[in-house]
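Below is one structure, written out as structure tokens, with a few remarks after it.
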Amino acid sequence: MSRIDLFKQHLDQKRAVKVIAGIDNFDIENIKKVVSAAEKSGASAVDICAKEEIISEIRSMTDMPIFVSSVVPSELVRAVELGADAIELGNFDVLYKTGKTFSAQDVLNLVSETKTLLGEREVFFCVTIPGEISTADQIELAQKLEAMNIDLIQTEGHYNSDIKLEGARALMDRAELTLSNTVELVRNVDVPVMTATGINPTTAPFAFAAGASAIGCGTCINKLNSEIAMIATSTALVEIAKRNSSKLVELV
């Protein structure tokens, strides 16, 4: 069984948990802690940046499925050569802060270029649907990606609220858009959907309730100060995912 088969199995069971170190996180010590926490908690995969030396170092320390995220096709192809088990065109959310935007056509062009560069090489391919484009455009983009045999679609929520909220209300506000995007995409495509942006132990159950087959969890883990806290949070997310899978089995 190849490494990515574990993630695929969890995806089929609607219990996949991808722990995200961050597309713009180049702190190798932090990344190592995130990966270690993901591994010890039984997460399905870890997602790291496309920096070559980081990919090589993380590959040498774990047999977990590794996703590499980038918006540069050549970086994604190089990641495969360095041992990545999956590539992800995205996560766009952090790039919006730098003033970058991504249209549906931008995404299609980048996917096409990546596939051309890959040639005959087969690799699990995930694509993030920009959360800032309209719902209708998200659905159309997802359907076109499905026709291109993309393996997984990731949602996001482009959060831009100036309202200062606290507690559970703040957590739900952060995740509201990505959850609604999940509902719309699950209704309109057969390709599995992974919900990301603002997903944590409070919001994760809502992602699965919305129809997600996987959750992508970053800030709630990679911003913590200790590896113990990272393990605890990652473990909580894995347990939520397992309960979702168990409920589905009971319904069959």
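Being modelled with pLDDT of 95 or more, surrounded by fewer than 17 Cβ atoms within 10 Å (Cβ to Cβ) and of a type in the set (Gly, Ala, Ser) is the requirement here; does Ser70 meet it? No.
Among residues that are part of a helix (DSSP H, G or I), among the β-branched types (Val, Ile, Thr), within 21 Å of Asn244 (Cα to Cα) and modelled with pLDDT under 95, Thr202 is not included.
Residue by residue, here is whether (1) hydrophobic (A, V, I, L, M, F, W, C); (2) over 18 Å from Ala50 (Cβ atoms); (3) modelled with pLDDT of 95 or more; (4) surrounded by fewer than 20 Cβ atoms within 10 Å (Cβ to Cβ) holds:
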position: Phe102; (1), (2), (3), (4): yes, no, no, no
position: Gln105; (1), (2), (3), (4): no, yes, yes, yes
position: Val123; (1), (2), (3), (4): yes, no, yes, yes
position: Val127; (1), (2), (3), (4): yes, no, yes, no
position: Ile139; (1), (2), (3), (4): yes, yes, yes, yes
position: Leu165; (1), (2), (3), (4): yes, yes, no, yes
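Pairs linking a residue in segment 64-81 that is closer than 19 Å to Val19 by Cβ to a residue that is of a type in the set (Lys, Arg) and surrounded by 24 or more Cβ atoms within 10 Å (Cβ to Cβ), with Cβ atoms under 8 Å and 6 or more positions apart or on different chains, are Phe67/Lys18.
The residue list Leu95, Leu82 contains one member that is under 30 Å from Ala229 (Cβ atoms) and either aromatic (Phe, Trp, Tyr) or at pLDDT below 95 (or both), which is Leu95. Across segment 111-150, the qualifying residues are those that are among the hydroxyl-bearing types (Ser, Thr, Tyr) and not in a loop (DSSP other than H, G, I, E, B), and the one among them that is nearest to Lys8 (Cα to Cα) is Thr128. Pairs linking a residue in segment 2-30 that is touching a residue at least 12 places away in the same chain (Cβ under 8 Å) and under 15 Å from Cys217 (Cα atoms) to a residue that is of a type in the set (Phe, Trp, Tyr) and buried (at least 24 other Cβ atoms within 10 Å of the Cβ), with Cβ atoms under 8 Å and 6 or more positions apart or on different chains, are Ala16/Phe7; Lys18/Phe7; Lys18/Phe67. Quick one: would you say Glu29 is charged (D, E, K, R), modelled with pLDDT of 95 or more and in contact with a helix residue (DSSP H, G or I) (Cβ under 8 Å, 6 or more places away or on another chain)? Judged against the criteria, Glu29 is not a match. The residue list Ala207, Ala241 contains one member that is in contact with a strand residue (DSSP E or B) (Cβ under 8 Å, 6 or more places away or on another chain), more than 12 Å from Ala43 (Cβ to Cβ) and buried (at least 19 other Cβ atoms within 10 Å of the Cβ), which is Ala207.
If you check Glu120 against the conditions, is it acidic (Asp, Glu) and over 19 Å from Lys144 (Cβ atoms)? Considered against the rule, which asks whether it is acidic (Asp, Glu) and over 19 Å from Lys144 (Cβ atoms), Glu120 comes out as yes. Selection over segment 194-231 of residues that are among the small types (Gly, Ala, Ser) and under 19 Å from Gly22 (Cα atoms) gives a count of 8. Quickly run through segment 13-49 and pick out the residues that are surrounded by fewer than 20 Cβ atoms within 10 Å (Cβ to Cβ) and among the hydroxyl-bearing types (Ser, Thr, Tyr). Across segment 13-49, the qualifying residue is only Ser36.
The values are calculated or read from the model by the stated rules, or taken from the named source; none is laboratory data. Bear in mind the structure is a predicted one, so any value in this text is a computation, not a measurement. For neighbour counting, all protein chains shown are included, and Cβ atoms are generated from backbone atoms with ideal geometry for every residue, glycine included.
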